[in-house]
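The values are calculated or read from the model by the stated rules, or taken from the named source; none is laboratory data. Here the structure is a predicted model, which means the values were calculated and not measured. A quick note on method: Cβ atoms are made from the backbone with ideal geometry, for glycine too, and the neighbour counts reach across all protein chains shown.
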């Protein structure tokens, strides 16, 4: 039995061409549809580098190729590159800030509450965990320190 060979989704020319072919077919079928908001390229692309090693330049090249394919076949639709915050904390290969600022319609940064510590700090209901400081402007903050729109006894939107 021959050893199984895994192709790299970022660098193998055959795999990249197959991805482009799939994207072209999806775009040609869905471009301009009223229910379509846009296309997300490589949502949280850093996650895939565990199985498909790639450095930042390789991830950038892959993202740029996929965005160009979508733009060619659906030029009027939005293209998003979705990223999470983990690469900037742990230095995992991910699309570079330069690519995110210059490629596609926008970048979507996913700030996961469990990863940032916000879930531990504020809890599932958004309330401060025991022993933590209250949120600015919230209950327990002296009225003189509250924003003017939240003066003593005032409610938001009034």
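Any residue at all in region 96-106 that is within 19 Å of residue 10 (Cα to Cα), part of a helix (DSSP H, G or I) and in contact with a strand residue (DSSP E or B) (Cβ under 7 Å, 6 or more places away or on another chain)?
Initially, region 96-106 is screened for residues within 19 Å of residue 10 (Cα to Cα), giving 96-100, 103-104.
Restricting the remaining residues to those that are part of a helix (DSSP H, G or I) gives 97-100.
The next check asks that each one be in contact with a strand residue (DSSP E or B) (Cβ under 7 Å, 6 or more places away or on another chain); those that pass are 100.
There is at least one residue in region 96-106 that is within 19 Å of residue 10 (Cα to Cα), part of a helix (DSSP H, G or I) and in contact with a strand residue (DSSP E or B) (Cβ under 7 Å, 6 or more places away or on another chain).
Which residue, of 53, 87, is part of a loop (DSSP other than H, G, I, E, B) and either surrounded by 13 or more Cβ atoms within 10 Å (Cβ to Cβ) or at pLDDT below 85 (or both)?
53
Would region 36-44 turn up any residue that is in a helix (DSSP H, G or I), touching a strand residue (DSSP E or B) at 6+ places or on another chain (Cβ under 8 Å) and under 15 Å from residue 100 (Cα atoms)?
Within region 36-44, the subset in a helix (DSSP H, G or I) is none.
The answer is no, given that none of the residues of region 36-44 is in a helix (DSSP H, G or I), touching a strand residue (DSSP E or B) at 6+ places or on another chain (Cβ under 8 Å) and under 15 Å from residue 100 (Cα atoms).
Looking at (1) modelled with pLDDT of 85 or more; (2) surrounded by 15 or more Cβ atoms within 10 Å (Cβ to Cβ), can you tell me which one residue 82 breaks?
With (1) modelled with pLDDT of 85 or more; (2) surrounded by 15 or more Cβ atoms within 10 Å (Cβ to Cβ) applied to residue 82, the lone miss is (1).
Which residue pairs have Cβ atoms under 9 Å apart, sit 6 or more places apart or on different chains, and have a first residue in region 1-16 that is farther than 21 Å from residue 67 by Cβ and a second that is at pLDDT 90 or above?
Once the first residue is farther than 21 Å from residue 67 by Cβ and sits in region 1-16, its partners that are at pLDDT 90 or above give 7/14; 7/15.
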